[in-house]
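Novice: One structure is given below, represented as structure tokens, and several questions about it will come after.
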């Protein structure tokens, strides 16, 4: 009679009594989308003169954004407030009627911005033709936009603006408190802050099944370092009616970033980030605290198969407006990411000591006052 060797006996017993292993738990995939928001892009007369190469014919704004370009271009979607009009022809003017060359929008596009919001108190500075030409210029540059519309049909079909990127579907809405008393010429439309209209727009946005809803508000009082009661009331209203993120502009200074807590049938315990004011991105304003602002960076998270995206890692990126004066007297305007300039003093080798001191003072005041998580690139 043949006997099994010890190895064969071990294998036979293992086969007879083994239990199939349970499959490993499937890991749920989470997608991410990086958003970046920039504040007021202004067009004061000295900025126009600085960019001028051939009067009324050729302008170059590319240097203005060379230091922020590496940060902006890293975002999946970068969004800024265009607080001026693009009439398409001279005269180009600054305050109080902002009319800038198309070259400014071209520079924003080349910097990496994907979307511009256009509803603000200067939307009508070049009247109806300015509203229309601004829209057509952004269309030509393939820059998405919202807030102003050439006519009712375009608003009905293009608002809310739906942005699709990396499997995410976002809705973006934009409104302003007014237009400095300059009437809106028919058939153009400027989105004004009106709760009834906004509620209807948010219902429409939700019906389009986006993963995330963003509302960009032009609100508040100029030069006030904290939000007012009206802004807080509007933020609560927006959160209750479906906004997932609220971004503010207009005060020209940075205002706090806060969490708005609300409860909806879909989300009983909902937290909405509110950036009350991003401040100035680039301008010639000289009042205290107007010589800079913040970019706000936020990462959205979406689990595979989920209907909604969640707000993930987020924080501020302080930006300072540097006016460089060349020996010839010519000025150049730069948006400077402060943390990068602090880490690499040679980044701007010819920055005057007084300018560096002003930048560091702006940064210190901002960090102390805002006290929000800072993202350093």
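The values are calculated or read from the model by the stated rules, or taken from the named source; none is laboratory data. No experiment lies behind these values; they were computed from the predicted model shown. Backbone-built Cβ (ideal geometry, glycine too); neighbour counts: all protein chains shown.
Novice: Need the failing condition index for residue 275 against (1) in a strand (DSSP E or B); (2) closer than 16 Å to residue 213 by Cα; (3) in contact with a helix residue (DSSP H, G or I) (Cβ under 8 Å, 6 or more places away or on another chain), just the number.
Specialist: Condition not satisfied by residue 275: (3).
Novice: Kindly check whether there is at least one residue in segment 135-146 that is surrounded by fewer than 20 Cβ atoms within 10 Å (Cβ to Cβ), within 20 Å of the chain's Cα centre (by Cα) and in a strand (DSSP E or B).
Specialist: yes
Novice: Please tell me if residue 40 is closer than 22 Å to residue 161 by Cα, surrounded by fewer than 18 Cβ atoms within 10 Å (Cβ to Cβ) and in contact (Cβ under 8 Å) with a residue 60 or more places away in the chain.
Specialist: No: the conditions fail for residue 40.
Novice: I'd like to verify a number: residues in segment 299-314 that are closer than 20 Å to residue 375 by Cβ and assigned to a loop (DSSP other than H, G, I, E, B), how many?
Specialist: Residues that pass the stated criteria total 1.
Novice: For segment 251-270, check the following and say yes or no: at least one residue is buried (at least 22 other Cβ atoms within 10 Å of the Cβ), touching a strand residue (DSSP E or B) at 6+ places or on another chain (Cβ under 7 Å), assigned to a loop (DSSP other than H, G, I, E, B) and on the phi > 0 side of the Ramachandran plot.
Specialist: yes
Novice: A further question on this structure: From the list 350, 365, which one is assigned to a loop (DSSP other than H, G, I, E, B) and either modelled with pLDDT of 95 or more or closer than 24 Å to residue 72 by Cβ (or both)?
Specialist: Checking each option against the conditions leaves just 350.
Novice: Okay, next question. Mind checking whether some residue in segment 59-71 is more than 26 Å from residue 317 (Cβ to Cβ) and either surrounded by fewer than 19 Cβ atoms within 10 Å (Cβ to Cβ) or in contact with a strand residue (DSSP E or B) (Cβ under 8 Å, 6 or more places away or on another chain) (or both)?
Specialist: Checking segment 59-71: at least one residue is more than 26 Å from residue 317 (Cβ to Cβ) and either surrounded by fewer than 19 Cβ atoms within 10 Å (Cβ to Cβ) or in contact with a strand residue (DSSP E or B) (Cβ under 8 Å, 6 or more places away or on another chain) (or both).
Novice: Shifting gears a bit: Check segment 206-213 and report whether any residue there is farther than 26 Å from residue 88 by Cα, out of contact with any helix residue (DSSP H, G or I) (no Cβ under 6 Å at 6 or more places or on another chain), modelled with pLDDT of 95 or more and part of a helix (DSSP H, G or I).
Specialist: Yes, there is a match, as at least one residue in segment 206-213 is farther than 26 Å from residue 88 by Cα, out of contact with any helix residue (DSSP H, G or I) (no Cβ under 6 Å at 6 or more places or on another chain), modelled with pLDDT of 95 or more and part of a helix (DSSP H, G or I).
Novice: For residue 112, state whether it is under 25 Å from residue 212 (Cβ atoms), touching a helix residue (DSSP H, G or I) at 6+ places or on another chain (Cβ under 7 Å) and surrounded by fewer than 22 Cβ atoms within 10 Å (Cβ to Cβ).
Specialist: Taking the combined requirement at face value, the residue satisfies it.
Novice: Sticking with this structure for a sec: Quick check: is even one residue across segment 137-151 in contact (Cβ under 8 Å) with a residue 24 or more places away in the chain and more than 29 Å from residue 58 (Cα to Cα)?
Specialist: The answer is yes, given that some residue of segment 137-151 is in contact (Cβ under 8 Å) with a residue 24 or more places away in the chain and more than 29 Å from residue 58 (Cα to Cα).
Novice: Looking only at segment 149-176, which residues are surrounded by 15 or more Cβ atoms within 10 Å (Cβ to Cβ) and in a loop (DSSP other than H, G, I, E, B)?
Specialist: The answer is 150, 159, 160.
Novice: Just give me the residues in segment 315-347 being assigned to a helix (DSSP H, G or I) and in contact with a strand residue (DSSP E or B) (Cβ under 6 Å, 6 or more places away or on another chain), in sequence order.
Specialist: 338 - this is the single residue of segment 315-347 that is assigned to a helix (DSSP H, G or I) and in contact with a strand residue (DSSP E or B) (Cβ under 6 Å, 6 or more places away or on another chain).
Novice: Assess whether residue 234 counts as being farther than 19 Å from residue 159 by Cα and part of a helix (DSSP H, G or I).
Specialist: Judged against the criteria, residue 234 is a match.
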